[in-house]
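Below is one structure, written out as structure tokens; the observations come after it.
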Amino acid sequence: QVQLVESGGELVQTGDSLRLSCAASGLTFSMYAMGWFRQAPGKEREMVSAISLSGGTSYYADSVKGRFTVSRDNAKNTVYLQMSSLKPEDTAVYYCAASHTPSNYLKDRKFNYWGQGTQVTVSS
């Protein structure tokens, strides 16, 4: 049974930093691209970032480019999202997801498994 468990979400202030973690189990982690998504109230879910199997390639949405950094530790079956210079518009539930579906581009991957999400709230 595949499980993705996010952690690290909390209430922070504008300009703060936060690191999210996603621990995976029940799958061969190194064979999955990993993604971070977020969904704010009343808005559609959007891809924030993604990282390739080896970690050598990454993708960022324009809204977070230069502020967020995705990384993975295949030995620990964990993917991270380091977030800095947080803004109120970053407030959302953040989800990690795993993709075993090949694609030429990370942003176009179909994601097969999803976590339950962790809440990030950025106060102004």
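What's the carbon and sulfur percent of the chain's accessible surface, probe 1.4 angstrom, rounded to a whole number?
Within the chain, the accessible surface is 44 percent carbon and sulfur.
Report ³J(HN,Hα) in whole Hz for each residue of segment 47-54, in order, from the Karplus equation J = 6.51 cos²θ - 1.76 cosθ + 1.60 where θ = phi - 60°; Gly and Pro get x.
Couplings: 6, 9, 7, 8, 9, 6, 4, 8 Hz.
Excluding same-chain residues fewer than 8 positions from Lys76, which lysines have a Cα within less than 29 Å of its Cα?
Cα-Cα hits under 29 Å: Lys65, Lys107, Lys110.
From the convex hull of the Cα coordinates of segment 55-124, what is the mean projected area in square nanometres?
Numbers: hull surface 21.9 nm².
If you wrap the Cα atoms of segment 55-124 in a convex hull and average its projections, you get 5.5 nm².
Taking every Cα atom in segment 25-81, find the radius of gyration and the maximum pairwise distance Dmax, and write them in Å.
12.2, 37
Hey, can you find the accessible area per residue of the chain for me, probe 1.4 Å, expressed in square angstrom? The partial results should precede the final answer.
Details: 6510 Å² over 124 residues.
For the chain, the per-residue accessible area is 53 Å².
Quick one: which of 74-86, 40-52 comes out on top by average Cβ neighbours within 10 Å, and what's the full order, highest first?
The peptides rank, most packed first, as 74-86, 40-52.
In percent, how large is the relative contact order of the chain, given Cα pairs closer than 8 Å and 6 or more residues apart?
Once normalised by length, the contact order is 35 percent.
Please give the Cα centre distance for segment 56-82 versus segment 16-40, rounded to the nearest Å.
8 Å
With only Lys, Arg, Asp and Glu charged, each at its Cβ (+1 for the first two, -1 for the last two), find how big the charge dipole of the chain is about the Cα centre; round to the nearest 20 debye.
Computed about the Cα centre, the dipole is about 220 debye.
Using each residue's phi in segment 7-20, evaluate 6.51 cos²θ - 1.76 cosθ + 1.60 at θ = phi - 60° and report the 3J(HN,Hα) Karplus result to the nearest Hz, with x for Gly and Pro.
Coupling constants for segment 7-20: 8, x, x, 6, 8, 9, 9, 3, x, 6, 10, 7, 10, 9 Hz.
The values are calculated or read from the model by the stated rules, or taken from the named source; none is laboratory data. Here the structure is a predicted model, which is why all the values come from computation and not from measurement. Backbone-built Cβ (ideal geometry, glycine too); neighbour counts: all protein chains shown. Side chains included, ligands, DNA and RNA excluded: accessible areas come from the protein's heavy atoms. Shrake-Rupley method; radii C 1.70, N 1.55, O 1.52, S 1.80 Å.
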